[in-house]
Amino acid sequence: MGICDDPEILKAYDEVCDVDKNEVNWILLTFADTKSNILKVGHKGTGGIDELKEHLKEDEAAFGYVRVPMSNDPLSQRTKFVLVSWIGQQLSYMRRARLSVQKSDVTKVLRYFSIEVPATERAELDADDILVQLKKAGGANYDRQTSNY
């Protein structure tokens, strides 16, 4: 069985991607237990990155997927997606070592994202900072007069 074979993962991913019909805007994939190499949908919600952060644990690794609405003005609404690679600071070294290989399997399922944000502390997942990173990654920025980057 592969790391992301649980059908609930793909179902939750589709919920986040479904901008028009679904309010779920984030999922958090966690390992079934401390010894397992199998991911499951640990949590999902409608409160964005700030709500996702509440579910991160210091002794766990997890992968988050977040839908972020953004715009330069009221008429140009876009949706971007962010992959979060969480490595809790109290995570075992063996689990840390396996994550780089496991992440490639995760990105085969959570395919479409504009940026990846690796994090070991919740402070690294600041919604405003992520929005700036998304704007930088997006290329053309027609809001340069008010932009601070």
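Brief remarks follow.
- Mean sequence separation of contacting Cα pairs (under 8 Å, at least six apart), scaled by the length of the chain, corresponds to a relative contact order of 20 percent.
- C-alpha long axis of helix 127-137 to longest principal axis of the chain, angle in °: 70
- Unit Cα scatterers, Debye sum, the chain: log10 I(q)/I(0) for q = 0.10, 0.16 Å⁻¹: -0.35, -0.85
- With every protein chain in place, the chain: carbon and sulfur % of accessible area (1.4 Å): 50
- Summing charges over neighbours of Lys57, with a neighbour being any other residue whose Cβ is under 14 Å away from its Cβ, gives -3 when K and R count +1 and D and E count -1.
- The Asp33 and Arg78 beta-carbon pair, evaluated with R₀ = 41 Å, returns a calculated FRET efficiency of approximately 0.60.
- The residues of region 5-149 expose, per residue, 57 Å² of accessible area to a 1.4 Å probe.
- Only helices enter this figure: runs of n ≥ 4 DSSP H residues, each worth -39500 (n - 2.57), summed and divided by the residues of the chain, yield -9000 deg cm²/dmol at 222 nm to the nearest 500.
- For the residue pairs Lys80/Lys136; Lys103/Lys135; Lys35/Lys108; Lys44/Lys80; Lys40/Lys80; Lys11/Lys44, the C-alpha atoms sit more than 19 angstrom apart in Lys103/Lys135; Lys35/Lys108; Lys40/Lys80.
- The chain: angle of helix 93-109 to the longest principal axis, Cα-based, in degrees nearest 10: 60
The values are calculated or read from the model by the stated rules, or taken from the named source; none is laboratory data. On a predicted model such as this, the values are computed, not experimentally measured, just so you know. Here Cβ is always computed from backbone atoms with ideal geometry, including for glycine, and neighbour counts include all displayed protein chains. We work out accessible area using only protein heavy atoms, side chains counted, and drop any ligands, DNA or RNA first. Shrake-Rupley method; radii C 1.70, N 1.55, O 1.52, S 1.80 Å.
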